[in-house]
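> To start, I am sharing the structure in question, which I have written as C-alpha cells.
The values are calculated or read from the model by the stated rules, or taken from the named source; none is laboratory data. Being a predicted model, the structure only gives us computed values, none of them experimental. When we count neighbours, we look across all protein chains shown, and the Cβ atoms used for this are built from the backbone with ideal geometry, even at glycine. For accessibility, only protein heavy atoms count, side chains too; no ligands or nucleic acids. Shrake-Rupley method; radii C 1.70, N 1.55, O 1.52, S 1.80 Å.
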Amino acid sequence: VLQNLSQTPVLRELLKEAKMSDTTVKIKSPELFMEPQLIKLGQPGPLTLAMYQFLTEMQETKRGVVTPKELFAQVCKKAIRFKGYQQQDSHELLRYLLDGMRAEE
C-alpha cells in the first residue's frame, strides 16, 4: 500500500504543499467543464506530516530500505487495532491512513 502511494505524484505534490501551514492548494478536476477549486489548508496534523516525511524518504533514499516507524506510530494512535504488529488487511491500513489524514485537514 505504501509503495503504491509513494508512486502517486499528485499525492506527493499535495502533501508537499500541505506540510506548510495555512497554504492554499489549487485542485484541478479531470472533468473539463469544472473549474479548478482553491482549498485553504490549515496546520497539518501529525499523521499528515508523518506521511509526507515517509514518502519523501522513500523518494530520496539511497539506502534501499525505508522503515515507516513514525508513520506506523501515528496510524496506531488513530486506529488502535494496528498496535501489536498483528496481521492486518492492506485495504484496512489504506482506509485508516487516508481517513485519518482527511480528519486532520
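> Stokes-Einstein diffusion coefficient for the chain at 10 °C in a medium of 1.306 mPa s, Rh from the Kirkwood formula over Cα pairs: what value in µm²/s?
Diffusion coefficient, whole number: 106 µm²/s.
> Would you work out what percent of the accessible area of the chain, with all protein chains in place, is carbon or sulfur (probe 1.4 Å)?
Details: 4120 of 7720 Å².
Answer for the chain: carbon and sulfur cover 53 percent of the accessible area.
> Helix 90-104: angle to the longest alpha-carbon principal axis of the chain, degrees 0 to 90, nearest 10?
Long axis of 90-104 versus the principal axis of the chain: about 50 degrees.
> Could you point to the residue in F54, L38, V66 farthest towards the positive end of segment 1-67's charge dipole, with +1 and -1 charges on the Cβ of Lys/Arg and Asp/Glu respectively?
V66
> Would you work out which of A103, S6, F82 lies farthest towards the positive end of the dipole of the chain? Charges go on Cβ: Lys and Arg +1, Asp and Glu -1.
F82
> Can you tell me the 0 to 90 degree angle between the C-alpha axis of helix 9-18 and the longest principal axis of the chain, rounded to 10?
Rounded to the nearest ten degrees, it is 80.
> Shifting gears a bit: So what's the angle, to the nearest 10 degrees on a 0 to 90 scale, between helix 69-78 and the longest Cα principal axis of the chain?
80 degrees
> Oh, and also: With a 1.4 Å probe and all protein chains left in place, how much accessible area per residue does the chain have, in Å²?
73 Å²
> Okay, next question. Treat every Asp and Glu Cβ in segment 1-103 as -1 and every Lys and Arg Cβ as +1, leave all other atoms uncharged, and give the resulting dipole magnitude about the Cα centre to the nearest 20 debye.
Working: 15 positive and 11 negative charges, 61 e Å.
Charge dipole of segment 1-103: 300 debye, to the nearest 20.
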